[in-house]
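Quick notes on the structure that follows.
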Amino acid sequence: MKKLYLSILLIGFILTSFAQVTITPNPFEVNESITVTLNTNSTATDCNGFSNPTKVYMHSGVGDGTNAFGISVVGNWGQDDGVGEMTNEGGGIYSITLVPETYYGLTPQQVSNVIQMGMVFRNEDGSQEYKATGCQDFIFQVGSFQVSLSAPTQDTTIINSGDNFDIAASNIGGNASYTLTANGSVIDTNPSTDNYSFTDTNITTNTTYELTAVLDGTIITRSFSVIVDPGSILGFMTEDYQEGINYIDDNTAILVLYATGKDFVYVAGSFNNYQPDLSYAMKRDFSRNLFWLEITGLTPGQIETYEYWVGDKTPPTNSPTMVYVADPYSTLILSEFDDPWIPASTYPNLPAFPEMAKGFEVSVLETGQTPYNWQVTDFNKPKKEDLIVYEVLVRDFDADRNYQDLIDKIDYFKNLNINAIHLMPVMEFEGNESWGYNTSYHMALDKFYGTEDKLREFIDLCHQNGIAVILDLVLNHAFGRSPMVRMWMDDPDGNGFGNPTSQNPYFNLQATHSYSVGYDYNHQAPRTQNYVERVIKHWIEDFKIDGFRWDLTKGFTQNCSPGNEGCTNSYQQDRVDILKQYADYSWSLDPDHYVIFEHLGSENEEKEWANYRYSEGKGVMMWGKMTDPYNELTMGQNGNKNINGIGHKSRASFDGPRVLGYPESHDEERLMYKNLQFGNTSNGSHNVQNLNVALSRMSALAAVSVMVPGPKMIWHFGDLGMENSIFTCSNGTVNLPGGNDGDCKLDTKPQPQWVNNWLTDAIRGQIYEDWSKLHKLKIEEPVFEGDYTITSGDFTPRIDIFDSSIPTTELRNVIILANFDVNTQTISTNFPGGVTTTWYDLMDPTGNTTVSNSTPSLSIPAGQFRILGNQPSSVLSINDEDFSVFTIYPNPAQSSFGINTNVSDVEIYDLTGKLVKAFKGDFTKSDTFDISTLNTGMYIVKIENSNKQTETTKLVKL
């Protein structure tokens, strides 16, 4: 038996032929040979233009009654690969012959469900597209039994209470049996006809109809609805309720919606079985231009769901009369698209998406919720000057891809001595495995990472460990599932999605800057400003978020156009003012809130934000991308190696350290990946394209980046030398930009850092340990809040850090010397006079490693660094030194081994105490020691480290 459903939304577009496209024979069965002919001389809406294509491709599919492409699709959009290529018959005529059953590779079960065939046409690279009038897909019915509905002609019809409603249908293939139901009850039948009609009279309630036709065991069902116009129901709200859910008590909630220009709104929910009557028509407060409704009789702790039915009796051309949306101010939604793929281990007891709902998402309402019991209620944020921000994409941090993974790894963060974690977007985004910048609901948490209380638990745990939490906030744009887009949209193909119309109070018709993604917010619109401030308030007050990183702030102007990059990157007063306004609002809720802009622009605007209210201890931090020059250093290559921009002094007009500098972020290629691909190979013993050599250079990277005064950022697992390209696909392959298979940039990444236990790897573990020590020095030693100079541009950058207000008996001068050449370099010390006669190696907590002020130069091996201070530091205790024990690797070893520290002497003894092999010289972590001539067995390895300390360990020779 074949049972097929089709909504009126699609029926209006299903024809036996079009002027532009014909199928012969027609009607046809799924196992028949058919010829599809396209006449490009006929009138069509050329969505992307269609002019003299070299080739024409048919991108097509078959489906059931809900989606003409839903069962199988053939075609690879934008690829000139022959799949779906049509034959040029001349004169603008193209054809293709196929048997649907074989062409679409259908199984017997799929064959039984096919009722539609859909298609669009394109040129060879997809830059030109050919569709039917109205920019619609071409859709044809499949089968000798076909039903056409002549009334109604749309999915939803708005009527006045008491009106009659006509239903009319016809079919081919013989007389069929028809049954009509209204809200699930049969109201009419006709056992044998090919021309059905019925009038439902005196309709006073919202009704969902299903007209079912049966012929020879095949069932086709058409679904459509009528909505009764409730008229204007005036009602003034006695309190100043907010848009969204207002919880009054354990049994009552008031819902408030802004829907300007709409005629009426119903609330449909689990509390009325998604069949609202007139009592669920929202009242309208014209004084505030808001719809509102009180929902009573709710049970405390019981989850309810709801959506809005928004009606417009005279919508603009191509806009729907009815839109079914979740609440724009939802803090939690259910999605029919995404929820089935969320593991129960991540989100236990996730409510099922209600089958009766008409929209794509529904909002969650729950009275009597138990508030989260915060353990830290008065977190003291780290100073902005001391911030070391660890940027994390929850999805790619660990295998379970949820907040529990972060909670379980709190020691990893704590031992690394970072003091802030920046979470890439966690607000409800479209799909599940995403970077999150395609946000649709800015106040709702995306359930793919876990529950609201699990995020709170993570934030609370971070605060218990002195770590601030910063959220990535994406308010330049929203994507198509946003209710604020869909309530005022242009939807010519009737699929429930579309571009904003000129009536939309939130969005521009086109982006007013040159970096557009999604739909562009108009930040000069009062509605947008109101929404943004609600979003800010929600995350600060309900989640105790310590700061926001504002994504794509260049898009906050209204003055430019998509193609005008010069305008976008020039000074725009409206952008300066609105972002100051948002910063002010954040600080009004939390005086110490971190405000960080991803602007990456010229200094003329950034200085105004960085200096804004700086004298009050505020000021905006600006993302400072320094990937390219730092990568030239780590690769050992001869490009631009000027790293002065890592600090605020490169911006002469900045009043203080407000540049959040970084060598790596989620948007830039991994330094280690490029080290291995393009590193300097001129020195065979220090070949940067060798993994161990490349890794050995990453500690020096931190020394000359994070230690510069002012806030700094690192991208997750840079501290372990992550070498996977950001273009790594989920299967581990790498697709770089420009390839035919997409660049995989947004793909879910493998997890080698945990699978291979990188923390126990000698060289990777050493990077982690070195970074940890540097972070602790940076945060706890006051001198790193002082002044600095950077000398850079070659392979041996130097950083001088100083604070003359600190007594000379304390650490007040620090010198960082590094060598990014592939050969050992002799570097001038040029110690400042009158500070001290002895300089101490700050990475040695014993204080035993010193350099005399009279020493004119130091020999620094390739890829290494020295950090010297006028006094030893007590920040790194001996216990910190014990964090990393001298190790050799691999162990057991077959022919050679390495050592996880710099050494000057290596001796190998057998178990009788006899010296069997010795190595003399200055060795680094990238050097290896040949033991191929030794017999199999156990040995004792004795080393002398750079601090002249002697240590031993066991070695097994295979």
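Once you place label points 7 Å from the Cα toward the Cβ at Ser161 and Leu911, how far apart are they in nm?
9.7 nm
Is any residue of segment 601-643 close enough, with backbone N under 18 Å, to a label point placed 7 angstrom from the Cα of Asn559 along the Cα-Cβ axis, and if so, which?
Under cut-off, by backbone N: 601-610.
Along the Cα-to-Cβ line of Asn202, 7 Å from the Cα, sits a label point; which residues in segment 151-171 have backbone N less than 15 Å from it?
Residues 161-165 fall inside that zone.
Using 5 Å bins from zero, what percent of all Cα-Cα pairs in segment 817-958 falls into each bin?
With a bin width of 5 Å, the distribution comes to 2, 9, 16, 19, 17, 14, 11, 7, 4, 2, 1, 0.
Check the straight Cα-Cα distances from Lys641 and name the aspartates and glutamates below 16 Å, setting aside those fewer than 8 residues away within the same chain.
Asp628, Glu632, Glu664, Asp794, Asp821
Would you list which lysines come within 16 Å of Lys447, measuring only between C-alpha atoms, while excluding same-chain residues fewer than 8 positions from it?
none
Listing Ile245, Ile407 from the residue with the fewest other Cβ atoms within 10 Å to the one with the most, what is the order?
With the fewest neighbours first, Ile245, Ile407 line up as Ile407, Ile245.
Using a 10 Å cut-off around each Cβ, can you sort Leu509, Leu777 from fewest to most neighbouring Cβ atoms?
Going from least to most buried by this count: Leu509, Leu777.
Between segment 609-640 and segment 190-268, what is the separation of their alpha carbon centroids in Å?
First find each Cα centre; the distance between them is then 54 Å.
Setting aside same-chain residues fewer than 8 positions from Lys313, which lysines have a Cα under 20 Å from its Cα?
Within reach: Lys262, Lys283, Lys358.
With each pseudo-label sitting 7 Å past Cα toward Cβ, what's the Thr22-Tyr247 distance in nm, one decimal?
6.5 nm
Between Thr846 and Ile303, what is the FRET efficiency for a Förster distance of 41 Å, r being their Cβ-Cβ separation, to the nearest 0.05?
For R0 = 41 Å, the calculated efficiency reads 0.10.
Within segment 310-418, which trypsin sites (Lys or Arg not before Pro) sit in a loop by DSSP and count at most 15 neighbouring Cβ atoms inside 10 Å?
Lys313, Lys383, Lys409
Which three lengths, in whole Å and largest first, does segment 885-957 cover when its Cα atoms are put on their principal axes?
31, 23, 21
Determine, for Glu632, Glu336, Glu785, the number of other Cβ atoms within 10 Å of each Cβ, and report the residues in order from fewest to most.
Glu336, Glu785, Glu632
Evaluate Rg over Rh across segment 297-416, taking Cα atoms for both radii and Kirkwood's formula for Rh.
1.09
Going by Cα centres, segment 145-181 and segment 99-133 are how many Å apart?
27 Å
Out of these labelled values of Rg/Rh (Cα atoms, Kirkwood Rh), (i) 1.04; (ii) 0.97; (iii) 1.02, which was calculated from the coordinates shown here?
The value computed from this structure is option (i).
Once every DSSP H run of n ≥ 4 in the chain is given -39500 (n - 2.57) and the sum is divided by its residues, what mean residue ellipticity at 222 nm do you get, rounded to the nearest 500 deg cm²/dmol?
-4000 deg cm²/dmol
log₁₀ I(q)/I(0) of segment 577-653 at q = 0.11, 0.16, 0.19, 0.22 Å⁻¹, via Debye over equal Cα point scatterers, no solvent, to two decimals?
Scattering profile of segment 577-653, log10 relative to I(0): -0.37, -0.65, -0.81, -0.97.
Give, as a single signed number, the net charge of other residues whose beta carbon lies under 11 Å from the beta carbon of Gly174, with Lys and Arg counted +1 and Asp and Glu -1.
Charge balance near Gly174 sits at -2.
Go through Lys383/Lys409; Lys778/Lys942; Lys544/Lys649 and tell me which ones have a Cα-Cα distance over 27 Å in this structure.
Listed pairs above 27 Å: Lys778/Lys942; Lys544/Lys649.
Report the local net charge at Tyr939: Lys and Arg +1, Asp and Glu -1, summed over other residues whose C-beta lies under 14 Å from its C-beta.
Counting the neighbours of Tyr939, the net charge comes to +2.
Starting from the Cα coordinates of segment 496-574, work out the convex hull volume and express it per residue in Å³.
Dividing the Cα hull volume of segment 496-574 by its residues yields 120 Å³.
Which listed residue (Ile467, Tyr582, Ala182) has the Cα farthest towards the positive end of the charge dipole for the chain, taking +1 on Lys and Arg C-beta and -1 on Asp and Glu C-beta about the Cα centre?
Working it through, the farthest residue towards the positive pole turns out to be Ile467.
Separation of segment 414-464 and segment 665-729 by C-alpha centroid, Å?
Segment 414-464 and segment 665-729 have Cα centres spaced 26 Å from each other.
Let's see if you can work this out: charge +1 on each Lys and Arg Cβ, -1 on each Asp and Glu Cβ, no other charges. What is the dipole magnitude of segment 169-279 about its Cα centre, in debye to the nearest 20?
380 debye
Give me the net charge of Asp761's neighbourhood, meaning all other residues with Cβ under 15 Å from the Cβ of Asp761; Lys, Arg count +1, Asp, Glu -1.
Result for the neighbourhood of Asp761: -2.
With each pseudo-label sitting 7 Å past Cα toward Cβ, what's the Ser932-Asn41 distance in nm, one decimal?
For the pair Ser932/Asn41, the computed spacing is 7.8 nm.
Can you tell me how much longer the chain between Ser112 and Ser127 gets when fully stretched, taken as 0.36 nm per residue apart minus their C-alpha distance, in nm with one decimal?
Length difference between fully extended and current span is 1.9 nm.
All of the numbers you see were taken from the coordinates with simple rules; none came from a lab. It should be emphasised that the depicted structure is a prediction, and the values quoted were computed from it without experimental measurement. Virtual Cβ from ideal backbone geometry, glycine too; neighbours counted across all protein chains shown.
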